[in-house]
């Protein structure tokens, strides 16, 4: 029975021994399948993630000069990376960056309480319209539903 490959969308005959085969034999499709499997495995399996991190640490200790040598041999890569890093830095300083979704573990940046918020355009000139707000630190394990209930 022919099925479409999830990667290239070409129809292929699945191998009789592989009941849930979803990718054809094309090397690029197999790379995609393996990448997807590893990404899912890393997100679900803590032991696998720890083993992969340890393997990477060992590789880095065995190949300490690898990235320095790679950058020396590939100046176009190095320049492209510099340009992209400048863009990331500029984006981060603009204030419209990406918010992190991970919570702080064991640290409270500011304590719960009532605060006065004063907006300003210039760091030296404060505006007169202020807001009084109550800020409450929510414990890490707490999940609030709609409407705070």
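Quick notes
- Modelled spin-label separation between residue 26 and residue 118, with each label point placed 7 Å from Cα along the Cα-to-Cβ direction: 6.3 nm.
- Added length on full extension, which subtracts the Cα-Cα distance from 0.36 nm per residue, residue 89 to residue 61: 7.2 nm
- FRET E, pair residue 15, residue 36, Förster distance 22 Å, beta-carbon r, rounded to 0.05: 0.75
- Stretch gain in nm, segment residue 110-residue 138, where the contour uses 0.36 nm per residue and the Cα spacing is subtracted: 8.9 nm
- A simple spin-label model places the labels of residue 131 and residue 78 4.7 nm from each other, with each point 7 Å out along Cα-to-Cβ.
Read the figures in this text as sums done on the coordinates, not as results from a lab. Being a predicted model, the structure only gives us computed values, none of them experimental. Counting neighbours? That spans all protein chains shown, and the Cβs are built from the backbone with ideal geometry, glycine included.
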